[in-house]
Amino acid sequence: VLKVDAGGGDTAITLDETDSGSVIVCAPGANSITITLPAAGTDHVGLTYKFVIDEADDVQSGKAITIKTAGAGADNNDDLMGTLIFIGGTSAHDVAGDTFKFPASSEKGSWAEFTCVAGGANESWMVHAVSAGAVATVTD
C-alpha cells in the first residue's frame, strides 16, 4: 500500500513499474493530487494499480484527483478504456482519452483500477472505476 498525502498542498507523483500491484490510497485533504502512470513499454503489459480515496477525505470544491498516462497532454496517443460506475447515478463507458479524474465531491471509498493491456507508442489501459458523490471522467 502506498499513501499519497496532499495535506500540505497540491501533490504530484509519478509511479514506476515497481509500484505495480499496489493499492494507492489518495488523501487529498483540501488539495489536488495528480498521479502519472509509468510509460509502459511492450514488456509492461499487465502493470496494475488500484487507487482509492482515503476514508478520511472527500475531494473538495475546485480540486480533483487526476490519474494520467505518461503521454497525456504531450502525444495524446494513449487511451484509457473501461467502465466508470457512479453510485446513485449514471454509468459511463469511454474508449478514448488519457486522463482520468475523480472531480470535486467524489467521496471517500471511491476507487479505480488501471491495468496496462497494450504498451509502446500507443498505450492502452483498462480502467474500472466506482465513484460516489460525483461522476469520474476520462478526457484527452
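Restricting to segment 1-18, count the residues that are assigned to a strand (DSSP E or B) and of a type in the set (S, T, N, Q).
Of the residues in segment 1-18, 2 are assigned to a strand (DSSP E or B) and of a type in the set (S, T, N, Q).
Anything in segment 6-29 that is out of contact with any Asp or Glu (no Cβ under 7 Å at 6 or more places or on another chain) and among the small types (G, A, S)? List them, or say none.
A6, G7, G8, G9, A12, S20, G21, S22
Since G8 meets every condition but one in (1) free of Cβ contacts under 8 Å to residues at least 24 places away in the same chain; (2) closer than 17 Å to F114 by Cα, which condition does it not meet?
If we test G8 against (1) free of Cβ contacts under 8 Å to residues at least 24 places away in the same chain; (2) closer than 17 Å to F114 by Cα, just (2) comes out false.
Say whether the condition of being surrounded by 13 or more Cβ atoms within 10 Å (Cβ to Cβ), modelled with pLDDT under 90, under 23 Å from M126 (Cβ atoms) and over 13 Å from the mean Cα position of the chain (by Cα) is met by at least one residue in segment 92-102.
Looking through segment 92-102, at least one residue is surrounded by 13 or more Cβ atoms within 10 Å (Cβ to Cβ), modelled with pLDDT under 90, under 23 Å from M126 (Cβ atoms) and over 13 Å from the mean Cα position of the chain (by Cα).
Any residue at all in segment 116-132 that is among the hydroxyl-bearing types (S, T, Y) and either closer than 17 Å to T66 by Cβ or modelled with pLDDT under 90 (or both)?
Within segment 116-132 (the criterion being among the hydroxyl-bearing types (S, T, Y) and either closer than 17 Å to T66 by Cβ or modelled with pLDDT under 90 (or both)), the answer is yes, since at least one residue qualifies.
Please work out which residue is least open to solvent (accessible area, probe 1.4 Å), limiting yourself to segment 40-86 and to residues that are over 21 Å from T139 (Cβ atoms) and among the aliphatic types (A, V, I, L, M).
Of everything passing the filter in segment 40-86, L47 is least open to solvent (accessible area, probe 1.4 Å).
What are the pairs, 6+ residues apart or on separate chains, where a residue within segment 100-124 that is among the polar types (S, T, N, Q) has its Cβ under 6 Å from a residue that is open to solvent by 30 Å² or more (accessible area, probe 1.4 Å) and part of a loop (DSSP other than H, G, I, E, B)?
Final answer for the pair search is S105/G133; S106/G133; N122/N77.
Considering only residues that are open to solvent by less than 30 Å² (accessible area, probe 1.4 Å), out of contact with any Phe, Trp or Tyr (no Cβ under 9 Å at 6 or more places or on another chain) and not aliphatic (A, V, I, L, M), which ones fall in segment 1-27?
Scanning segment 1-27 gives a single hit, G9.
Check whether at least one residue in segment 104-113 is assigned to a loop (DSSP other than H, G, I, E, B), closer than 28 Å to E55 by Cβ, modelled with pLDDT of 90 or more and hydrophobic (A, V, I, L, M, F, W, C), and report yes or no. Even if it seems obvious, please write down each step before you answer.
Residues of segment 104-113 assigned to a loop (DSSP other than H, G, I, E, B): 104-110.
Right, trim to closer than 28 Å to E55 by Cβ and you get 104-110.
Checking which are modelled with pLDDT of 90 or more leaves us with 104-110.
From what's left, hydrophobic (A, V, I, L, M, F, W, C): 104.
Looking through segment 104-113, at least one residue is assigned to a loop (DSSP other than H, G, I, E, B), closer than 28 Å to E55 by Cβ, modelled with pLDDT of 90 or more and hydrophobic (A, V, I, L, M, F, W, C).
If you check every pair at least six apart or on different chains, which have Cβ atoms under 7 Å apart with a residue in segment 49-66 that is within 16 Å of L2 (Cβ to Cβ) and part of a loop (DSSP other than H, G, I, E, B) first and a residue that is open to solvent by less than 10 Å² (accessible area, probe 1.4 Å) and not basic (K, R) second?
D54/C26; D54/A27; D57/A27; D57/P28
The values are calculated or read from the model by the stated rules, or taken from the named source; none is laboratory data. In this text, all values refer to a predicted model and were calculated from it rather than measured experimentally. Because the Cβ atoms are built from the backbone with ideal geometry, glycine has one as well, and the counts that use them run over all protein chains shown. Just so you know, the surface numbers come from the protein's heavy atoms only, side chains and all, with ligands and any DNA or RNA stripped out. Shrake-Rupley method; radii C 1.70, N 1.55, O 1.52, S 1.80 Å.
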